[in-house]
Amino acid sequence: MKKIKLIIPIVAALFLVACGGGEQKAKKADSEAKTSPKKTEKVEEAKTEAEEPAEKELVEITLAATGETMTEIAFEPKTLTIPANSRVKLTLNNKSSMEGMLHNFVLVELGSGQEIATAGISAGKDNAFVPDDDRVIAYTEVSDIGETVVVEFDAPAKGSYHYICTFPGHYPNMIGRLNVE
Ligand SMILES: [Cu+2]
């Protein structure tokens, strides 16, 4: 009697495993079919990366945020150029001295500044005024007057990007262009 009791749960468990496994396999095959073109792309990308030197060139950039009034505020410089495939260490120096004049650096897809800045206000202080958006490439924390904040990121693909300050009201005065060449 004891044996029979034991066998039933085992059989049930085997049955569940068999069914569950089958279902999972089917799902996996389905998702593989859907993503297969992307997979091929990824493999090619990995190959190209392997051919490049492992150590990326580290490019150190210091960017200043200046101005004491909402019309004066600006980034200095307004254009940055970095080499492709580099690693960037960007230091943002908040040179404003007016209390409450906080700044950040948010690197975004070219032309998306207005939407990112607007969404940043909704994202709020707890999120450093940076929205959860695929067009955001890199960003610093918010810096208070006299403070510096640092961010490190891999240079995005060759092309042009915008960097903005998403502290409420600072866009569009605080905008610059980053070129990857
Ligand atoms: Cu700002």
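Read-outs throughout are calculated quantities, based only on the coordinates presented, and are distinct from any laboratory measurement. Since the model is a prediction, treat every value here as computed from it, not as a measurement. With ideal geometry, Cβ positions are generated from the backbone for all residues, glycine too; neighbour counts draw on all protein chains shown.
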Filtering the range 117-126 down to residues that are over 11 Å from CYS165 (Cβ atoms) and either of a type outside the set (Ser, Thr, Tyr) or within 13 Å of the ligand (Cβ to nearest atom) (or both) yields ALA119, ILE121, ALA123, GLY124, LYS125, ASP126
Scanning the range 130-144 for residues that are without any contact (Cβ under 8 Å) to a residue 60 or more places away in the chain and more than 14 Å from the chain's Cα centre (by Cα), the one surrounded by the most Cβ atoms within 10 Å (Cβ to Cβ) turns out to be VAL142
With the first residue restricted to the range 164-181 and required to be touching a residue at least 24 places away in the same chain (Cβ under 8 Å), and the second required to be in a loop (DSSP other than H, G, I, E, B) and of a type in the set (S, T, N, Q), Cβ contacts under 8 Å at 6 or more apart or on different chains are CYS165/ASN104; THR166/ASN104; PHE167/ASN104; ASN173/THR71
Exactly one of VAL130, VAL151 is in contact with a Phe, Trp or Tyr (Cβ under 7 Å, 6 or more places away or on another chain), part of a loop (DSSP other than H, G, I, E, B) and not basic (Lys, Arg), and that one is VAL130
When the range 85-122 is checked residue by residue, the ones that are part of a loop (DSSP other than H, G, I, E, B) and within 17 Å of the chain's Cα centre (by Cα) are ASN85, SER86, ASN104, PHE105, LEU110, GLY111, SER112
Within the range 53-84, the residues that are closer than 16 Å to GLY169 by Cβ and part of a loop (DSSP other than H, G, I, E, B) are GLY67, GLU68, THR69, MET70, THR71, GLU72, ILE73
